[in-house]
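Asker: I have a structure here, written as structure tokens, and I will follow up with some questions on it.
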Amino acid sequence: MIRPKVAIVLGSDSDYPVIQDMLKLLEGLDIAYELTVSSAHRSPDRTHRYAATLEERGVQAVIACAGAAAHLAGVLAAYTILPVIGVPIDSSPLNGLDALLSTSMMPVGVPVATMGIGKMGASNAAILAAQILARSDAALAQRLRDYKKLLADRVEEKDRELKKSRNA
Ligand code: RP5
């Protein structure tokens, strides 16, 4: 069995649709991950127990996704020295601004690397986790370089398409 390198924690199963592109990115980069639902507020004991197992199981980075008064990333960061990446989910009437502030504004000593709100932030969480892992994985580092080249190639292509459509 492949041991997961990235642990993804969702505050609720209702957050699952927001992270689909994140999962595709991790899979495209061939990164083994595990996915768990645990709530800082509704299941604090479960969240604590889960955080306590991460290091001994070989996990190298944590991605915590939660909306509203989102304390999940901060609570996980309180229980581990692994890097914790927080994704504020836009699930509340405040469209994620509440989650952005509650995920990012951590007290000194307990950092959470906070992404942007929603799907965009979730995708960037996958890339940041990959960049952390790539420090000790040369093959993954090359896959990340290839990914960046793909992004740049797409811009060139879009530029050509736009110019062509304007000249048509
Ligand atoms: C947060 O509250 C979850 O992360 C989710 O974004 C939001 C709503 O959760 P549900 O009421 O849909 O379970 O804790």
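The values are calculated or read from the model by the stated rules, or taken from the named source; none is laboratory data. As the structure is a computational prediction, the values presented were derived from the model and not from experiment. Cβ coordinates were reconstructed from backbone atoms using ideal geometry, including for glycine residues, and neighbour counts include every protein chain displayed. When the accessible area is computed, the model is the full protein with side chains, heavy atoms only, and any ligands, DNA or RNA have been set aside. Shrake-Rupley method; radii C 1.70, N 1.55, O 1.52, S 1.80 Å.
Asker: How long are the semi-axes of the equivalent ellipsoid of region 71-114, taking √(5λ) for every eigenvalue λ of the Cα gyration tensor, in whole Å from largest down?
Answerer: Semi-axes from the Cα gyration tensor: 20, 9, 7 Å.
Asker: Same structure, new question: Per DSSP H run of n ≥ 4, the term is -39500 (n - 2.57); total these for the chain, divide by its residue number, and report the mean residue ellipticity at 222 nm rounded to 500 deg cm²/dmol. Before the final figure, lay out the partial values.
Answerer: Values: 6 runs with 82 residues, N = 168.
That calculation yields -15500 deg cm²/dmol at 222 nm.
Asker: Hey, with R₀ at 35 Å, roughly what FRET efficiency would Leu150 and Val37 work out to, going by the Cβ-Cβ distance, to 0.05? Could the numbers behind the result be given before it?
Answerer: Values: r = 32 Å, r/R0 = 0.91.
Result of the calculation: an efficiency of 0.65.
Asker: Considering amide H positions built from the backbone, and no H for Pro or chain starts, which residues 5 or more places from Gly96, or on another chain, come under 5 Å of its amide H?
Answerer: So Gly96 has HN proximity to Ala68, Ser91.
Asker: Further, regarding this structure: Of Lys164, Lys119, which has the most accessible area and how do the rest follow, probe 1.4 Å?
Answerer: In descending accessible area the options line up as Lys164, Lys119.
Asker: Rounded, prolate or oblate: which fits the chain, taking a ≥ b ≥ c as square roots of the Cα gyration tensor eigenvalues, rounded meaning a/c under 1.5, else prolate when a/b beats b/c?
Answerer: oblate
Asker: A further question on this structure: Can you give me the solvent accessible area of His41 with a 1.4 Å probe, rounded to the nearest 10 Å²?
Answerer: Ignoring ligands and nucleic acids, His41 comes out at about 110 Å².
Asker: Separate question: Starting with the highest mean, order 142-152, 11-21, 123-133 by the number of other Cβ atoms within 10 Å, averaged over the residues of each peptide.
Answerer: 123-133, 11-21, 142-152
Asker: While we're on this one: Using every alpha carbon pair in region 1-74, what percent of pairs falls into each 10 Å bin from 0 up to the bin containing the largest distance?
Answerer: Final binned percentages: 19, 52, 28, 1.
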